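**Student:** Here's a structure for you.
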Amino acid sequence: MISRDEALARARDWAAAGRPGGTPDVELYEFDLGWVASRTEPQPTDPTRPPASTGSPTLVVDRRTGEVSQWPSLSAPDIAARYAAHRAAEGRFPDDVRQVLEQAGWYPGRDVRAAVDHWLSRFAAELDGLDCPPTARAALDEFGGLRLPQFGLYDDSTGGVNLGGGFTSHLHPTQGGVTTEAARVFAEEHDNPVFPIGNNEDGPAEIVVDADGRVFMLHWADDFYLGPDIDTALVNLVRGGRLPEADDLEW
């Protein structure tokens, strides 16, 4: 547990990094989990001229650990809310997968429902006859629009796996359109309606979810089971590897 004075000292070190001259002034916003710090920019000498720059990153100093992390240029209450959600979601995804998700633009509490509404309206004709269950809508609202690279196979030259060495997944809304033929065939064969939530470059293949939250990848070679929920499916999509066939499930 650190004090406010300790948090202020760390924030001042951060604010001064890479800047000539004296230590800039820093404002602290206190909340339950720590402090949000932002630089106090000097008033312009000529208010009629535009500022040299607009917006600057902010810092969060964790009250319990003293750990510092940089955040975008948002209001202090917004950053505090995001940080609280970030901490609450710890353990939801493995570290390697969470890093990929965050680099793609995901964060706890992410909500792109407006974009999803537009996508559903734009492709209403293509999606006609397919019900969008709450499980699919929740997945789209939180993860829609993300482009998720996949780790490739083990690389002897690097002694590890390379991100981007596998097949990338794109979650709707995407830049392209939407195909539903495989989803309709799958629903008929298994008497289990599904709704498209994305695609994978292997094949390419459709990523679909059913009313129970189970996620499948419909590939031209076979239909594969990605997991019982969207979180498990995302882990499997990012990490890659062998997947069980949908036919092996007990329906």
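**Student:** How far apart, in nm, are the 7 Å Cα→Cβ label points at residue 16 and residue 220?
**Tutor:** So the label points at residue 16 and residue 220 sit 6.2 nm apart.
**Student:** Also: Using a 10 angstrom cutoff on alpha carbons, build the Gaussian network for the chain and name the most mobile of 173, 193, 72.
**Tutor:** Checking each option, the largest mean-square fluctuation is seen for 72.
**Student:** Follow-up question, since we're still on this one. Roughly how many nanometres apart are two label points built 7 Å out from the Cα toward the Cβ at residue 92 and residue 25?
**Tutor:** 3.8 nm
**Student:** Using 1/(1 + (r/R0)^6) with R0 = 25 angstrom and r between the beta carbons of residue 4 and residue 65, what's the FRET efficiency to the nearest 0.05?
**Tutor:** On the way: r = 15 Å, r/R0 = 0.61.
Working from the Cβ atoms, E equals 0.95.
**Student:** What does the helix-only formula give at 222 nm for the chain: each DSSP H stretch with n ≥ 4 adding -39500 (n - 2.57), the total divided by the residues, and the result rounded to the nearest 500 deg cm²/dmol?
**Tutor:** Numbers: 8 runs with 80 residues, N = 251.
Roughly -9500 deg cm²/dmol at 222 nm, from the helical runs in the chain.
**Student:** Between residue 40 and residue 78, what is the label-point separation in nm under the 7 Å Cα-to-beta-carbon projection?
**Tutor:** The modelled label-to-label distance comes out at 2.3 nm.
**Student:** For a footprinting-style exposure proxy, rank 185, 97 by other Cβ within 10 Å, fewest first. Before the final figure, lay out the partial values.
**Tutor:** Working: 185 12, 97 19.
By the 10 Å Cβ count, ascending, the order reads 185, 97.
**Student:** Below 8 Å between Cα atoms, with a sequence gap of 6+, how large is the relative contact order for the chain in percent? List each step's numbers first, then the result.
**Tutor:** Details: 415 pairs, mean separation 29.6, N = 251.
Answer for the chain is 12 percent.
**Student:** Right, next: Give me 172, 118, 219 ranked fewest to most by other Cβ atoms within 10 Å of their Cβ, as a rough exposure proxy. Could the numbers behind the result be given before it?
**Tutor:** On the way: 172 25, 118 12, 219 17.
Listing 172, 118, 219 from fewest to most nearby Cβ atoms yields 118, 219, 172.
**Student:** Arrange 135, 58 by Cβ neighbour counts within 10 Å, fewest through most, would you? Don't skip to the end; give the middle numbers.
**Tutor:** Numbers: 135 19, 58 23.
In increasing order of surrounding Cβ atoms, one gets 135, 58.
**Student:** Taking a ≥ b ≥ c as the square roots of the eigenvalues of the Cα gyration tensor of the range 83-205, is the shape rounded (a/c under 1.5), prolate (a/b larger than b/c) or oblate? Show your work: numbers first, answer last.
**Tutor:** Details: a/c = 2.15, a/b = 1.37, b/c = 1.57.
Oblate.
Bear in mind that the values in this text are calculations on the coordinates, not laboratory data. Since this is a predicted model, take the numbers as computed values, not measurements. When we count neighbours, we look across all protein chains shown, and the Cβ atoms used for this are built from the backbone with ideal geometry, even at glycine.
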